[in-house]
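Encoded as structure tokens, the structure appears first; notes follow it.
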Amino acid sequence: MFKIVRKLSAKGIIGMNQRNIGYIGKYNSRKLYPLVDDKLKTKIIAEDAGITVPKLLGTIVYQFQNNERYLKKIIGNLSGFVIKPSKGSGGKGILVITRREGDIFFRPSGQPASFQDVIRHVSNTLSGLYSLGGKPDVAMVEALVEFDPVFDRYSFEGVPDIRMIVFKGYPVMGMLRCSTRASDGKANLHQGAVGVGLDIGTGTALNAVQFDKPIESHPDTKHNFKELAVPHWKTLLPLSASCYEITNLGYLGVDIVLDKKIGPMILELNARPGLAIQIANNCGLLPRLKKIEGMSNTKLSVEQRIEYAIREFSAG
Amino acid sequence: MSSKFQIGIFVVLLVALGLGLTIYKAAYLGFPLTPGEKQKIWAVEATIDFVADGDKPVKVSLSLPDIQDNYAMIDESSASPDYGASMAIIDGTRYAEWARREASGPQKLYYKLKFYYDSKIESDYNIYEKPTEKIKPYEFKGSKKLAAESLIKIVKERSADDVSFTSSLISLFNSDDPFQNVKMLLGERASFQTKIEMVTRILSLEEIPFQIIKGLYLKDGKRKQNLTSLLEVYDGKKWILFDVTTGRIDMPDNFVIWQRGGDSLFEVRGGHSSKIKFSVVENYVPAKQIAVLDRDATLLNFSLYILPSSEQNAFKSLLLIPIGALVVVFMRILVGLKTSGTFMPILIAVAFTQTKLLTGLIMFIVVVAIGLVIRSYLSRLNLLLVARISAVIIVVIGIMSTITILSYKLGLYNILSITFFPMIILSWTIERMSILWEEEGAKEVLLQGSGSLIVAVIAYLAMTNDLIQHITFNFPELYFVVLAIIIALGKYTGYRLFELRRFKSFTEED
């Protein structure tokens, strides 16, 4: 057992306890949490800072607003949109509508939903069904992201997203999360999604894992991850790094999706990013975090930080 | 670094405080560290029976024992129904007094006292103390006077001083073939009482200073006995003890002195036909009770022992909660077990202590399983959160009462303890698990559910352990140590046990 412990710490693997005390507790001030736990707030500050996010169409705050007339005012004649709980966690309560025929909406799976169904979903959201701790919530209506089809070969049903760990404004590690049949179309690693470690310098795949075990190719589409490379990598890096400036959270998880037309956009920020990214990258976080912690010059621009990250953390 | 340093100091201080107080209590106040140590205690009960005259106030007083050599007295009580009871000290003698404004018919009063052996205890009685009263010679009449006088003559020939006089007198009284004079004085069947009477009367004729000591032999199961009398004779320097049936003796080990001197043992005013009986019962009590009842330490005046016993019992279970918390901290920080709700396992463990483990486990699983089924229907009704949780609470109460009634009908009485389960917690558990089921699937529910139950069972085992129960209640200051451990674990940055498996891929490749 002690041998395993020694081996893990030699590789700089961070455990939950160390993450909680050494990084989240130390660099993420509690009072900043609401900024990221409330997606509406995140979106507003991100938009103010000029960071690309899915467009906010409107919000439903009160039950009395939750009617067909008001919803119609928000969505206009758009055929696709997304309704999210503002304080949801783990992708709960997200209603995605990709197609519309008059007053009938269709989910990505083709399952139809009437106005009544949408209103019920919003009602659930407002009463706190999907929020942390069951607190009353606000429903956000967002423009539908038209996902870049580059990852279609690596995803089953759902859409992959990119998770970046940004430490004190430096992108230190990244991974692509691909949904699988086992994960039920969700991009959660512990539910069976595949995590693909990405090279910080280039955005190319390094290593892939499912259920914490290394794999070569996607279990459903059978495509080998070796050929995978994330496009728009050079825009994606500054985008994620600049989230530090808007949140001031030192240890931040940034979730990014690629839009067909707009390119990378920030979907969500996370003040308690998980540790599975280490397994996906087959690399411990600690050496990289220590390197940044040991830097004397702390006031660098986004560009300088990215330059540093590419120089120090790229495998290439 | 400074926060780590602060915590280090804090932890050291807490541990030092906790252990210091514990050692003080264990070493100086005699608190036993294990529950096993028991000490023998004799419970002595004096019962005064009398018939009240009626229409008159009743006042009864009983003289009480003073501090004894080798015996500690504890837990004295003189409460008797319908009587006002009080304690008084008159001329250095302690009395229990009972009073009642009006009484008629047979009356019964009780005085209870417990003794235990403690060689450190010494009475303040001084055997060198001079006799205060002059002995008045008893006036024998007729033939008894002659018999006594001739007996004194014989004894005097055989003795040199007061002590040897008493010794040979007693041996004459107890000889197998007694003199005619002795037979004459004692009568055909000499009782102990007449023996002591005659011995003291003859001593009084010689004006030898003596006193009667009344006391009890501490022997289990002695019921309805009288006090035993011993005789003390002053030899000019100190008091020498005699037993009128055997002669000169040392103070017997298991004898406690109830009364020294000749005053009446008890007195009843406003009543007649009074008698007093004593009974002795031996039992074994955890030594800590004695330590507690006995000591005068200031620390104890601010301890849990001053509380009434019902509150003490409440605290007994309250004080086990930190142990449960420690188990949760261990399992989550060091092992990495997932539980549904951080402290839900503690509350379940507390419920288990009432229901016993197996019944508790079965009931928990049954209630949660039925609850999950009903909750899945409720979720289809699409209710608002507060209404849904409230509905689940009512459903849980329904399930609990149904199970209770059914099992009562089936004769499974231990299921009745199901009411000890905290139903709000059960309802939240059902709610949380149901959401977990919908979002993460049944696997996660089983994982977190069994995690919670494992932690609950471990916490239960820790909380029901005799030693732990004993220590938590008797050494609550050890909570400083528990607090220190929890604070120290709060700074633990090492891996969790389960993470070693989670990060297995890093250790396997090479």
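A quick yes/no check of all residues on (1) out of contact with any strand residue (DSSP E or B) (no Cβ under 9 Å at 6 or more places or on another chain); (2) not assigned by TED's automatic domain parsing to the domain that holds A:VAL82:
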site	(1), (2)
A:ASN124	no, no
A:LYS135	yes, no
A:PRO160	no, yes
A:ARG163	no, yes
A:PHE167	no, yes
A:GLY174	no, yes
A:GLY197	no, yes
A:ALA205	no, yes
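Just so you know, in segment B:435-452 the residues that are buried (at least 17 other Cβ atoms within 10 Å of the Cβ) and of a type in the set (Gly, Ala, Ser) include one that is nearest to the other protein chains (Cβ to nearest Cβ), and it is B:GLY451.
I'd like the residue in segment A:153-178 that is modelled with pLDDT of 85 or more and assigned to a loop (DSSP other than H, G, I, E, B) and, out of all such residues, is farthest from A:THR202 (Cα to Cα). Even if it seems obvious, please write down each step before you answer.
We begin by selecting, within segment A:153-178, every residue modelled with pLDDT of 85 or more; these are A:160-178.
From what's left, assigned to a loop (DSSP other than H, G, I, E, B): A:160, A:168-169.
Details: A:PRO160: 18, A:LYS168: 21, A:GLY169: 18 Å.
Selected residue: A:LYS168.
Looking at B:LYS40, is it within 33 Å of the chain's Cα centre (by Cα), surrounded by fewer than 18 Cβ atoms within 10 Å (Cβ to Cβ) and farther than 18 Å from B:PHE278 by Cα? For B:LYS40, the condition - within 33 Å of the chain's Cα centre (by Cα), surrounded by fewer than 18 Cβ atoms within 10 Å (Cβ to Cβ) and farther than 18 Å from B:PHE278 by Cα - is met. Please tell me if B:LYS59 is touching a residue at least 40 places away in the same chain (Cβ under 8 Å), assigned to a strand (DSSP E or B) and either surrounded by fewer than 15 Cβ atoms within 10 Å (Cβ to Cβ) or of a type in the set (Lys, Arg) (or both). Spelling it out, B:LYS59 is indeed touching a residue at least 40 places away in the same chain (Cβ under 8 Å), assigned to a strand (DSSP E or B) and either surrounded by fewer than 15 Cβ atoms within 10 Å (Cβ to Cβ) or of a type in the set (Lys, Arg) (or both). Sub-6 Å Cβ pairs linking a first residue in segment A:266-288 that is more than 10 Å from every other protein chain (Cβ to nearest Cβ) and under 23 Å from A:ARG6 (Cβ atoms) to a second residue that is of a type outside the set (Lys, Arg) and part of a helix (DSSP H, G or I), at least 6 apart or interchain, are A:LEU285/A:GLN278; A:ARG288/A:PHE313, ordered by first then second residue. Go through segment B:494-508 residue by residue and tally those that are under 54 Å from the mean Cα position of the chain (by Cα), in a helix (DSSP H, G or I) and within 7 Å of chain A (Cβ to nearest Cβ). Total satisfying the criteria: 3.
Exactly one residue out of A:LYS84, A:LYS31, A:LYS73 is closer than 24 Å to A:ILE266 by Cα and assigned by TED's automatic domain parsing to the domain that holds A:PRO112: that is A:LYS84. Taking the condition over 30 Å from A:TYR130 (Cα atoms) and buried (at least 17 other Cβ atoms within 10 Å of the Cβ), does B:PHE421 pass? Judged against the criteria, B:PHE421 is not a match.
B:GLU232 fulfils the conditions (1) of a type in the set (D, E, K, R); (2) on the phi > 0 side of the Ramachandran plot; (3) at pLDDT 80 or above except for a single criterion, (2). Only residues that are within 14 Å of chain A (Cβ to nearest Cβ) and of a type in the set (Ser, Thr, Tyr) were counted across segment B:470-493, and they come to 2.
Grab the helices (runs of 4 or more DSSP H) fully contained in segment B:316-420, keeping just those with 3 or more residues being of a type in the set (Gly, Ala, Ser).
Working: elements: B:321-329, B:344-355, B:357-381, B:385-409.
Output list reads B:357-381, B:385-409.
In segment A:252-265, the count of residues that are of a type in the set (Gly, Ala, Ser), in a strand (DSSP E or B) and out of contact with any strand residue (DSSP E or B) (no Cβ under 7 Å at 6 or more places or on another chain) is one or more.
Residue count for segment A:294-304 under the criterion of being surrounded by 12 or more Cβ atoms within 10 Å (Cβ to Cβ), assigned to a helix (DSSP H, G or I) and in contact (Cβ under 8 Å) with a residue 12 or more places away in the chain: the result is 1. One residue stands out in segment A:135-152 among those that are surrounded by fewer than 21 Cβ atoms within 10 Å (Cβ to Cβ) and within 11 Å of chain B (Cβ to nearest Cβ): the one that is modelled with the highest pLDDT, namely A:PRO136. Considering each residue of segment B:191-201 in turn, none proves to be part of a loop (DSSP other than H, G, I, E, B), touching a helix residue (DSSP H, G or I) at 6+ places or on another chain (Cβ under 8 Å) and of a type in the set (Gly, Ala, Ser).
Counting only residues that are within 7 Å of chain B (Cβ to nearest Cβ), of a type outside the set (D, E, K, R) and outside any helix (DSSP H, G or I), which one in segment A:2-15 is nearest to A:LYS290 (Cα to Cα)?
A:ILE13
Are any of the residues in segment A:96-105 under 23 Å from A:VAL159 (Cβ atoms), under 19 Å from the mean Cα position of the chain (by Cα) and not assigned by TED's automatic domain parsing to the domain that holds A:THR247? There is at least one residue in segment A:96-105 that is under 23 Å from A:VAL159 (Cβ atoms), under 19 Å from the mean Cα position of the chain (by Cα) and not assigned by TED's automatic domain parsing to the domain that holds A:THR247. Residues that are of a type outside the set (Lys, Arg), in the same structural domain as A:GLY25 (by TED's automatic domain parsing) and free of Cβ contacts under 8 Å to residues at least 12 places away in the same chain are absent from segment A:237-256 altogether.
When segment A:186-203 is filtered for residues that are assigned to a loop (DSSP other than H, G, I, E, B), within 13 Å of another protein chain (Cβ to nearest Cβ) and without any contact (Cβ under 8 Å) to a residue 40 or more places away in the chain, the ones remaining, listed by number, are A:GLY192, A:ALA193. Residues that are out of contact with any Leu (no Cβ under 8 Å at 6 or more places or on another chain), in a loop (DSSP other than H, G, I, E, B) and surrounded by 20 or more Cβ atoms within 10 Å (Cβ to Cβ) within segment B:79-107 comprise just one, B:ALA103.
The values are calculated or read from the model by the stated rules, or taken from the named source; none is laboratory data. As the structure is a computational prediction, the values presented were derived from the model and not from experiment. Virtual Cβ from ideal backbone geometry, glycine too; neighbours counted across all protein chains shown.
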